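Read the structure below first, then the notes.
The values are calculated or read from the model by the stated rules, or taken from the named source; none is laboratory data. Predicted model only: the values in this text are computed from it and were never measured. Neighbour counts run over all protein chains shown; Cβ positions are idealised from the backbone, glycine included.
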Amino acid sequence: MKYETIDISMAILDLLKDAEYHSITATTLHVAKYLHLTPTQMNEQLESRKSNNDNIPLTKKKIYNQTVIGISHLRKAKFLKDFPKTKSIGFFVITEKGLNLLQKNKNEVKIILNSELNKYHKTKKPN
């Protein structure tokens, strides 16, 4: 199952609103909880990373990949920033711009996020 970028982004911002540093792993687990994923949905794998192993690493799961993409888009839109010198290991925090965004009502947040994220996330148009 693929989730909309806006839903993933809203889940990420929901976690980051505490203004603490978070890891990709903790954020992925929060996103899964926020989206009410079932164990089956949580264990969906990327086709390119399929494993026959019953103990599937988080990094091979679709939700992990979609969360990483969401983090990347939020980083590009300046709603979050990396802990100094940790970009390669994935620790980040919400920015002042992100905190200001969260002061708005949920509908306004979604409108602004959609506008900002569409700059970085191109969806394919149906034929």
### Query
Among the numbered criteria (1) over 12 Å from MET10 (Cβ atoms); (2) surrounded by fewer than 16 Cβ atoms within 10 Å (Cβ to Cβ); (3) in contact (Cβ under 8 Å) with a residue 24 or more places away in the chain; (4) within 16 Å of the chain's Cα centre (by Cα), which single criterion is violated by ASN114?
(1)
### Summary
Those residues of the range 12-50 that are among the hydrophobic types (A, V, I, L, M, F, W, C) and touching a residue at least 40 places away in the same chain (Cβ under 8 Å) come to a total of 5
### Task
Only residues that are assigned to a helix (DSSP H, G or I), among the basic types (Lys, Arg) and either within 13 Å of the chain's Cα centre (by Cα) or at positive phi (or both): list them for the range 60-86, please.
LYS62, ARG75, LYS76
### Task
Would you confirm whether any residue within the range 99-110 is among the charged types (D, E, K, R), loosely packed, with under 10 Cβ neighbours inside 10 Å and at pLDDT below 95?
yes
### Message
Given the options LYS50, LYS33, LYS2, LYS81, name the one that is at pLDDT below 90 and under 22 Å from LYS110 (Cα atoms).
### Response
LYS2
